[in-house]
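Here's a structure for you.
The values are calculated or read from the model by the stated rules, or taken from the named source; none is laboratory data. What you are looking at is a predicted structure, and each value in this text was computed from that prediction instead of being measured. Don't worry about glycine lacking a Cβ; one is built from the backbone with ideal geometry, like all the others, and counts go over all protein chains shown. When the accessible area is computed, the model is the full protein with side chains, heavy atoms only, and any ligands, DNA or RNA have been set aside. Shrake-Rupley method; radii C 1.70, N 1.55, O 1.52, S 1.80 Å.
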Amino acid sequence: MQPIFEDIKEGDIVINLMKPPVTKLQLIRYAGASGDFNPLHTDDEVGRASGFNGVVAHGMLMMGIAAQAVTNWIPKSSLKKLKVRFKAPTRPGDIIKVTGKVVDKKIERNKGIVTCTLEAIDQRQDVKISGSFEAALPLKKYI
Amino acid sequence: MADKNKIGKKYPFTWMVERGKIRELVEAIGDDNPIYKNAEAAREKGYKNIVAPPTFAFVSVMWSGVFLRAINDLGIEFARIMHAEQGYEYYNEIFPGDTLIGVMEVKEIIEKKGKSGDLDFIQFENTYTNQHDELVLREEILLVERK
């Protein structure tokens, strides 16, 4: 069901997605899919030389996971803005949870604009990415 | 350090959107939303075909080669880059068969002193239109180069 503007309140937790652990194979697949072949994401030696304990996930994979969480809640076509900051590296084995909270609501041009914060944390509660998104939701009177 | 004379420089690129590239991306992410893989499911949700997921534009930046072209032109070392921020504003959907016409622009280069050495922040702003001359999306990329 598509969320309706009037049914949503500021402070609502609207997104809560738990992902299976990130795997090395996933990073290799993401490298091929995205075309980002920085060896930091696929070669443990390079990861260690860069001061990590091995390979780290692509930031854009993490953003892709955050976007998955968003478009599980609202239709893709309702998403108007999405912005994230990469706060800490994600490593294979990390279990990522994405949450989103409504922080603002307003009506513009017969659409309900909802602004939410977005955060991805791991099993140690380390924040991997934080950000926000904006969605244009239908109003009750137009349904 | 990134070449500050290149602030304002634009790097054009084009990229043909393939259904297989969309599928590879969502499968790597682990996003099983059927609108990205199944045309019938996408039509049921009101799209005219499979659509590309929200972070798909970055695939065209990487696979078209424009990212490395810009990075090399700026004198940035790929292995020293960290991704700091990424942002999107969406205007129209991306479908398989579309041609994305992109312009990658260097908006800003800022030097900052970090705890473990100096950092360069490089801000790109990319604009995408399609073969119908419709604005598709805007993309902001903020990179950090560790020196």
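State which entries of A:LYS111/B:LYS48; A:LYS9/A:LYS80; A:LYS97/B:LYS113; A:LYS83/A:LYS111 exceed 27 angstrom in Cα-Cα distance in the structure shown.
Where the Cα-Cα span goes over 27 Å, the pairs concerned are A:LYS97/B:LYS113.
Further question on the same structure: Given a 1.4 Å probe, how much area per residue of region A:29-143 is accessible, in Å²?
Using a 1.4 Å probe on heavy atoms only, each residue of region A:29-143 averages 42 Å².
So which residues in region B:39-73 end up with at least 40 square angstrom less accessible surface once the other protein chains are there, compared with the chain by itself, probe 1.4 angstrom?
Going by heavy-atom accessible area, the residues of region B:39-73 that drop by at least 40 Å² are B:TYR47, B:PRO54, B:THR55, B:PHE58, B:MET62, B:TRP63.
Moving on. Suppose a student asked you for the relative contact order of region A:82-143, using Cα pairs under 8 Å spaced at least 6 residues apart; what percent would you report?
Averaging sequence separation for qualifying contacts and normalising by length gives 38 percent for region A:82-143.
Checking the a/c ratio against 1.5 first, then a/b against b/c, what shape does the Cα gyration tensor give for region A:1-137?
prolate
Leaving ligands, DNA and RNA out of it, report the carbon-plus-sulfur percent of the accessible area of region A:1-106 at a 1.4 Å probe.
53
Shifting gears a bit: Could you run the Karplus curve 6.51 cos²θ - 1.76 cosθ + 1.60 with θ = phi - 60° over region B:60-73 and give me ³J(HN,Hα) per residue in whole Hz, x for Gly and Pro?
Ordered by residue, 3J(HN,Hα) equals 6, 5, 7, 6, 6, x, 5, 4, 5, 4, 5, 4, 5, 5 Hz.
I would also like to ask the following. Taking only Cα atoms, what is the 0 to 90° angle, nearest 10, from helix A:24-34's long axis to the longest principal axis of chain A?
60
Another one. Within the accessible area of chain B, what % is carbon and sulfur when the probe is 1.4 Å and the other protein chains stay in place?
Result for chain B: 48 percent of the exposed heavy-atom area is carbon or sulfur.
Specify the angular offset, from 0 to 90 degrees and rounded to the nearest 10, of the alpha carbon long axis of helix B:19-29 from the longest principal axis of the alpha carbons in chain B.
70
Kindly state, to the nearest 0.05, the FRET efficiency for A:ALA49 paired with A:LYS106, given R0 = 41 Å and r defined as their beta-carbon distance.
0.25
Moving to a separate point now. What net charge is computed for the residues neighbouring A:THR99, neighbours being all others with C-beta under 13 Å from the C-beta of A:THR99, Lys and Arg scored +1, Asp and Glu -1?
Within the 13 Å Cβ shell, the charges total +1.
What does the accessible area per residue of chain B come to in Å², with a 1.4 Å probe and no ligands, DNA or RNA counted?
46
Ok, one more. Return the aspartates and glutamates within reach of B:LYS21: Cα separation strictly under 16 angstrom, same-chain partners fewer than 8 residues apart disregarded; answer none if there are no such residues.
Within the straight-line limit of under 16 Å, B:LYS21 reaches these aspartates and glutamates: A:ASP36, B:ASP31, B:ASP32, B:GLU93, B:ASP98.
Let a ≥ b ≥ c be the square roots of the eigenvalues of the Cα gyration tensor of chain B; is it rounded (a/c under 1.5), or, if not, prolate (a/b larger than b/c) or oblate?
prolate
Quote the accessible area belonging to B:TRP63 in square angstrom, nearest 10, computed with a 1.4 Å probe and with ligands, DNA and RNA left uncounted.
For B:TRP63, solvent-accessible area is about 100 Å².
Cα centroids of region B:73-134 and region A:69-95: how far apart, whole angstrom?
18
While we're looking at this one, here's another question. With axes computed from alpha carbons, what is the tilt in degrees of helix A:59-73 against the longest principal axis of chain A, rounded to the nearest 10 within 0 to 90?
So the helix axis and the longest Cα principal axis differ by about 30 degrees.
How big is the A-B contact in terms of buried accessible area, both chains counted, 1.4 Å probe, rounded to the nearest 100 Å²?
Roughly 3000 Å².
Right, another one. Taking the dipole about the Cα centre of the protein assembly as shown, with the C-beta of Lys and Arg at +1 and of Asp and Glu at -1, give me whichever of B:VAL103, A:TYR142, B:ASN72 is farthest to the positive side.
A:TYR142
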